[in-house]
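Shown next, in structure tokens, is the structure this report addresses.
The values are calculated or read from the model by the stated rules, or taken from the named source; none is laboratory data. From a predicted model like this one, the values you see are computed outputs, not experimental measurements. Here the Cβ positions follow ideal geometry from the backbone for every residue, glycine too, while neighbour counts run over all protein chains shown.
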Amino acid sequence: MILYLIPFISAFIGWFTNWIAIKMLFHPKEPKRFLGITIQGIFPKRQQQFAAKLGTLVATELLNFDEIAVKIKDPSRLKELNPIIESHLDNFLKVKLVEKMPMISMFIGEKTIGQLKEGMMEEIEILLPEVLAKYTDSLSQQINIEQIVTDKVSKFSSDKLEEILTAIMSKEFRFIEVIGAVLGFAIGLLQVLLTLI
């Protein structure tokens, strides 16, 4: 009778060893000495290296600043700003300018305001790409995406890192546990068959 329990015991052992292996990715969070050996979870132990690799990956493969700059300077995207700029110019010419220089309202009418706005819009359309180009060039020297990601990930608490990775890989971890149980059961069944033969 005990012979027939072997596949189930093996399945439990297979599941349990894989469950322990997954837990040891994150635990213990702090180095612990056991029988003269220092034990620490893989991710807490290698968090700095993981952060540096992730920073490099994000900066080179996922979020390159030059690509962002190209999108910011895209002429079709800049044209989308025209209604906002026009609205601001309208308010400036019709309200704020009159408030600051009341005498001007006596000398300029709607036609002149329209001409002023048109001239300003033409200048802004020439100026805006140049300003944004200089601004993005300056930003690219100040913003180091790789360093930002590396710093943030390296400062994560071990709990936060575990929470993130578990959320991403929970199905894969469960699959590993199930595979351990299935393989354990298959090995136990093979042992029973070999014993009976």
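From the list LYS53, LYS29, the one residue that fits, being surrounded by 13 or more Cβ atoms within 10 Å (Cβ to Cβ), closer than 17 Å to LYS160 by Cα and among the basic types (Lys, Arg), is LYS29.
Selection over segment 32-45 of residues that are part of a loop (DSSP other than H, G, I, E, B), surrounded by 13 or more Cβ atoms within 10 Å (Cβ to Cβ) and without any contact (Cβ under 8 Å) to a residue 60 or more places away in the chain gives a count of 1. Checked against the criteria, VAL98 does not count as modelled with pLDDT under 80, part of a helix (DSSP H, G or I) and within 30 Å of SER138 (Cβ to Cβ). Selection of first residues in segment 161-174 that are modelled with pLDDT of 90 or more and of second residues that are of a type in the set (Val, Ile, Thr), restricted to Cβ pairs under 6 Å at least 6 apart or on distinct chains, gives an empty result. Filtered by the rule that a residue be surrounded by fewer than 12 Cβ atoms within 10 Å (Cβ to Cβ) and either among the small types (Gly, Ala, Ser) or closer than 28 Å to LEU57 by Cβ (or both), segment 117-135 gives a lone residue, GLY119.
Conditions tested, residue by residue: (1) hydroxyl-bearing (Ser, Thr, Tyr); (2) surrounded by 14 or more Cβ atoms within 10 Å (Cβ to Cβ).
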| position | (1), (2) |
| --- | --- |
| GLU80 | no, no |
| ASP90 | no, no |
| GLN115 | no, no |
| SER154 | yes, yes |
| SER157 | yes, no |
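The set of residues in segment 32-48 that are farther than 18 Å from ALA167 by Cβ and either within 24 Å of the chain's Cα centre (by Cα) or charged (D, E, K, R) (or both) comprises LYS32, ARG33, LYS45, ARG46, GLN48.
Filtering GLY114, GLY184, GLY119 for residues that are in contact with a Ser or Thr (Cβ under 9 Å, 6 or more places away or on another chain) and either closer than 30 Å to ALA52 by Cα or assigned to a helix (DSSP H, G or I) (or both) leaves a single hit, GLY184.
Quick check: is even one residue across segment 136-148 over 30 Å from PRO28 (Cα atoms), exposed (fewer than 12 other Cβ atoms within 10 Å of the Cβ) and over 40 Å from the mean Cα position of the chain (by Cα)? No; the residues of segment 136-148 include none that is over 30 Å from PRO28 (Cα atoms), exposed (fewer than 12 other Cβ atoms within 10 Å of the Cβ) and over 40 Å from the mean Cα position of the chain (by Cα).
Applying a threshold of 9 Å to beta carbon distances and a minimum spacing of six or more residues, or different chains, the list of pairs starting in segment 141-158 at a residue that is under 22 Å from PRO44 (Cβ atoms) and modelled with pLDDT of 80 or more and ending at one that is among the aliphatic types (A, V, I, L, M) and outside any helix (DSSP H, G or I) reads VAL149/LEU63.
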